[in-house]
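Asks: Submitted below is the structure of interest, expressed as C-alpha cells.
The values are calculated or read from the model by the stated rules, or taken from the named source; none is laboratory data. This structure is a prediction, so every number in the text was calculated from the model and none was measured. Counting neighbours? That spans all protein chains shown, and the Cβs are built from the backbone with ideal geometry, glycine included.
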Amino acid sequence: MIEKNSLSNCYLFEYLRENEFNNALSITDYFIVSLESDLSGLAVPSKTYSYYQAGKPVIAIMNRESDIYKEISDNYAGLSVENGESEKIVEHLLEVLNEPKKLETMSYNMKEKIKPIYTRSNQIEKYRKMLSNLLED
C-alpha cells in the first residue's frame, strides 16, 4: 500500500526495543493497530494502549464490533475500518494531508477523551474493583 500509493512520509518499523519504541511514539503522527476479524472480543493488540498514551490518532483495522473500533470511531480519535478496507485508509490519509486541522482534532480527542480512561491509576482501580467483585461472590 505504501509503495503502490507513493507515500514517501509513511514508515513501517520492524520490532523496536523500548528506547526505539518510545522515540517512534514521539515522532509518529498516526498509528495503525490491527486485529483479525475472528479475534474480536477475545484479544486487544497490546500496543493499542501505548498508542493511546502517546495521544495521537489511531487507525484501527478490525471488526466493527470490537471495543477499540468503537472507541476510536465514537470519539473521532482516528479511523476505524474493517479488514480489507485499505482504500478507505488511503482516502482518509489523503484527506488528513489536505486538511491538517482534522489531524489536530483527532489528536485532541485522543488526548482528552480516550487517553484519560487508560491512565495507570484508572486501570488499577478497575482491576481492584474486578478482584473485589470476584472475592465477594
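Asks: Could you grab me the full set of residues in the range 17-56 that are acidic (Asp, Glu) and over 19 Å from Ser86 (Cα atoms)?
Replies: Correct list: Glu18, Glu20.
Asks: Out of curiosity, is Ile59 surrounded by 15 or more Cβ atoms within 10 Å (Cβ to Cβ), among the β-branched types (Val, Ile, Thr) and at pLDDT 95 or above?
Replies: So Ile59 passes the test.
Asks: In the range 69-95, how many residues are closer than 18 Å to Glu112 by Cα and of a type outside the set (A, V, I, L, M)?
Replies: Within the range 69-95, residues that are closer than 18 Å to Glu112 by Cα and of a type outside the set (A, V, I, L, M) number 8.
Asks: Looking at Ser121, Ser73, Ser107, which is the one that is small (Gly, Ala, Ser), under 19 Å from Leu25 (Cα atoms) and in a helix (DSSP H, G or I)? Write out each step before concluding.
Replies: Numbers: Ser121 fails: under 19 Å from Leu25 (Cα atoms); Ser73 fails: under 19 Å from Leu25 (Cα atoms).
Checking each option against the conditions leaves just Ser107.
Asks: Name the pairs: first residue in the range 72-97 and farther than 15 Å from Leu35 by Cβ, second residue charged (D, E, K, R) and in a strand (DSSP E or B), Cβ to Cβ under 7 Å, at least 6 apart or on different chains?
Replies: The qualifying pairs do not exist here.
Asks: Would you point out the residue of the range 12-36, among those that are among the charged types (D, E, K, R) and without any contact (Cβ under 8 Å) to a residue 12 or more places away in the chain, that is surrounded by the most Cβ atoms within 10 Å (Cβ to Cβ)?
Replies: Glu20
Asks: Identify all residues within the range 1-44 that are among the polar types (S, T, N, Q) and out of contact with any Pro (no Cβ under 8 Å at 6 or more places or on another chain); write none if there are none.
Replies: Asn5, Ser6, Ser8, Asn9, Asn19, Asn22, Asn23, Ser26, Thr28, Ser37, Ser40 - these are the residues of the range 1-44 that are among the polar types (S, T, N, Q) and out of contact with any Pro (no Cβ under 8 Å at 6 or more places or on another chain).
Asks: For Asp29, all conditions in the list (1) more than 15 Å from the chain's Cα centre (by Cα); (2) farther than 19 Å from Ser66 by Cβ hold save one; what is the number of the exception?
Replies: Checking Asp29 against (1) more than 15 Å from the chain's Cα centre (by Cα); (2) farther than 19 Å from Ser66 by Cβ, the one that fails is (1).
Asks: With respect to Lys56, determine if the residue is part of a helix (DSSP H, G or I) and charged (D, E, K, R). Don't jump to the end; show me each part of the working.
Replies: Values: part of a helix (DSSP H, G or I): no; charged (D, E, K, R): yes.
Criteria not met by Lys56.
Asks: Looking only at the range 117-131, decide whether some residue is among the hydrophobic types (A, V, I, L, M, F, W, C) and touching a Lys or Arg at 6+ places or on another chain (Cβ under 6 Å).
Replies: We begin by selecting, within the range 117-131, every residue among the hydrophobic types (A, V, I, L, M, F, W, C); these are 117, 124, 130-131.
Checking which are touching a Lys or Arg at 6+ places or on another chain (Cβ under 6 Å) leaves us with none.
No: zero hits.
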